[in-house]
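Below is one structure, written out as structure tokens; comments come after it.
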Amino acid sequence: MKTQFETTTDLQSLPLPPGIPILGNLLQLEATRLHLILEDWSRRYGDFYRLKVAARTALVVSDWRAVSEILRARPETFRRFSSIETVFGDMGISGVLSAEGEQWYRQRKLTMRAFDPGHLRNYFPSLVKITERLRQRWLRAAEQGESIDILADLMCYSLDVTAGLAFGSEINTIDGKDAALQKSLDMIFPAINRRLNTPFPYWRYFKLPSDHALDNNLRTLRDKVDTFIVQTRVRMNADSSLFDQPRNLIEAFVAVRDQPDSEFTDEDVYGNVFTTLLVGADSTANVFAWISYFLCEDYDVQAAVQAEAAAVLEDQTVLQDFGRISSLRYIEAVAQEAMRLKPSGPVVFLEAKCDTMVGHVSVAQGTPILALMRLGGLDSQNFPDPQRFDPKRWDGTSNHAEMGASAKRIVMPFGAGPRLCPGRYLALLQIKMLASMLGRNFIMERVDQVSIEERFKFTMEPVNLKVKLTKR
Ligand code: HEM
């Protein structure tokens, strides 16, 4: 692979954090703090260092140029960790997130058709309804002076939005009506993270109680998704115009799947509906929870969000007009800044598919590579006073405006290259709906001032963030 680094070195010459014989660094890699440990070592050992995990040596890279290069050199030169394909495959999920090579091209084509921005516009009325449902829930909490576990509420909101879009059917976890679906999904990411951190796929040979619980949850979800696929097909066969103008993801998937000589199967539809549900809800909820955290830390920023919401929504309590979403520019800047400091995916797990270079480091085929996504955005050479939360960096009005374009190349909250997140428009749409609803109707404050920890579970979330809302 062509790179912009001049000198070259090999993996074995890189610094290695001290570990223990045989297991190397394995026992130091605490699963829920993985990103913090790797970032800390990066500050100590540099932008390129290695890790030993039992017999394997991995490269850890935090230099944003090298990270960007490897993300863009997929799927030919790099892939996701092969264990991701194994773990998802063993769970019976073959969707775009875990697929590789030719399979990935097929799945990505299917996904991109389904994620056509036109479907988002068609789906907007449902998004308005779900946002109004959350406003009602928050109104009740505000009137009763209740504190809110904001991440839990946002998971419900985001799940209702994503499931509504994925299934084409109303799901209501905000009011607790589809709690079983939420409970089943809740345990999937921690289970994936646990399995990815297990050096050997023991579950193929024997199962622990947690593996049986996972199997049960996967069966529940499979039944649910299969039922939706059957119902969708019945609906589409009764109204063939839906094949040309699908209204949601599942109809779009089925429309492509059911074309004559289609290269897709029902398994592909299942895998991608499931994947959407899994990754879509979690990341968006985490990002908005971190936005809430920053709004509580800085009342000037919260006031600016309220002012923008009032100007754009006028007398509406929830934005009703899809065309006005793009006017919420300050809120978009708040989201970008929150994702710079608190990326939902702080580590991307990759692997070299051939002998190649990562920056100036030569790596052999099969070398695991952990790409750290946050440190470029925390470097004072790229962002003055980098720990400060300052949305003006992104809104084109401050002295940092000249950074604009390059800032977006350094901070990659949605990844980069051919595997860039296909859900990013939906994610930003939800964030704008939520932030404008919050700003128009409520003042948010923290219930306590305990420091908020970051927890890694494949995505990264705030722990125990409790807030109180007051009606404006
Ligand atoms: C703020 C919210 C979100 C963030 C921060 C986020 C971030 C990411 C990141 C970092 C990746 C990996 C990209 C790469 O490997 O280069 C990714 C992939 C993906 N995301 Fe998102 N995402 C968000 C919301 C969503 C939503 C709402 C959906 C769907 C409804 C979604 C669906 C996917 C899928 C299917 C992939 C895999 C793409 C592939 O491998 O080709 N994401 N996302």
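The values are calculated or read from the model by the stated rules, or taken from the named source; none is laboratory data. Since we're looking at a predicted model, the values are computed, not measured. Neighbour counts run over all protein chains shown; Cβ positions are idealised from the backbone, glycine included. Ligands, DNA and RNA are stripped out before the accessible areas are found, and what is left, the full protein with its side chains, is counted by its heavy atoms. Shrake-Rupley method; radii C 1.70, N 1.55, O 1.52, S 1.80 Å.
Of the residues making up segment 299-318, none is in contact with a helix residue (DSSP H, G or I) (Cβ under 6 Å, 6 or more places away or on another chain), within 15 Å of the ligand (Cβ to nearest atom) and open to solvent by 10 Å² or more (accessible area, probe 1.4 Å).
Let's see how each residue does on (1) out of contact with any strand residue (DSSP E or B) (no Cβ under 6 Å at 6 or more places or on another chain); (2) among the β-branched types (Val, Ile, Thr):
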site: 374; (1), (2): yes, no
site: 390; (1), (2): yes, no
site: 406; (1), (2): yes, no
site: 413; (1), (2): yes, no
site: 435; (1), (2): yes, no
site: 440; (1), (2): yes, no
site: 463; (1), (2): no, yes
site: 466; (1), (2): no, no
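Taking the conditions (1) crowded, with 19+ Cβ neighbours inside 10 Å; (2) more than 16 Å from the ligand (Cβ to nearest atom) in turn, residue 466 satisfies each one other than (1).
Entry remark, segment 1-17: residues being modelled with pLDDT of 95 or more and closer than 21 Å to residue 71 by Cβ number 2 in total. Residues that are assigned to a helix (DSSP H, G or I) and out of contact with any Phe, Trp or Tyr (no Cβ under 9 Å at 6 or more places or on another chain) within segment 357-391 comprise just one, 378. Picking from residues in segment 265-276 that are among the hydrophobic types (A, V, I, L, M, F, W, C) and touching a Phe, Trp or Tyr at 6+ places or on another chain (Cβ under 8 Å), the one that is farthest from the ligand (Cβ to nearest atom) is 269.
Report, by residue number, each residue of segment 175-190 that is of a type in the set (A, V, I, L, M, F, W, C) and in contact (Cβ under 8 Å) with a residue 24 or more places away in the chain. Correct list: 180, 181, 185, 187, 188, 189. If the condition is being among the small types (Gly, Ala, Ser), within 23 Å of residue 135 (Cα to Cα) and either open to solvent by less than 10 Å² (accessible area, probe 1.4 Å) or assigned to a loop (DSSP other than H, G, I, E, B) (or both), then segment 165-198 contributes 166, 168, 169, 176. When each of 80, 44, 74, 65 is tested for being of a type in the set (Lys, Arg), in contact with a Lys or Arg (Cβ under 6 Å, 6 or more places away or on another chain) and touching a residue at least 12 places away in the same chain (Cβ under 8 Å), the lone residue that passes is 74.
Looking across segment 428-454, just one residue is within 16 Å of the ligand (Cβ to nearest atom) and touching a Pro at 6+ places or on another chain (Cβ under 9 Å), and that is 454. Of a type in the set (Gly, Ala, Ser), closer than 25 Å to residue 191 by Cα, within 19 Å of the chain's Cα centre (by Cα) and surrounded by 22 or more Cβ atoms within 10 Å (Cβ to Cβ) - does that describe any residue in segment 74-94? No, that holds for no residue. For residues in segment 330-355 being open to solvent by 10 Å² or more (accessible area, probe 1.4 Å) and acidic (Asp, Glu), which is nearest to residue 309 (Cα to Cα)? Top of the filtered list is 332. The set of residues in segment 204-249 being of a type in the set (A, V, I, L, M, F, W, C), out of contact with any Gly (no Cβ under 9 Å at 6 or more places or on another chain) and buried (at least 16 other Cβ atoms within 10 Å of the Cβ) consists of 214, 221, 225, 229, 236, 242, 243. Applying the set (1) over 20 Å from the mean Cα position of the chain (by Cα); (2) touching a residue at least 60 places away in the same chain (Cβ under 8 Å) to residue 158 leaves exactly one unmet item: (1). The single condition from (1) within 16 Å of the ligand (Cβ to nearest atom); (2) over 14 Å from residue 196 (Cβ atoms); (3) in a helix (DSSP H, G or I) that residue 35 fails is (2).
Residues in segment 436-463 that are within 17 Å of residue 301 (Cα to Cα) and surrounded by 19 or more Cβ atoms within 10 Å (Cβ to Cβ): 436, 437, 438, 439, 440, 441, 442, 444.
Residues are listed down the side, and each one gets a yes or a no for (1) under 21 Å from residue 441 (Cα atoms); (2) not small (Gly, Ala, Ser):
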position: 131; (1), (2): yes, yes
position: 144; (1), (2): yes, yes
position: 150; (1), (2): yes, yes
position: 155; (1), (2): yes, yes
position: 162; (1), (2): no, yes
position: 167; (1), (2): no, yes
position: 176; (1), (2): no, no
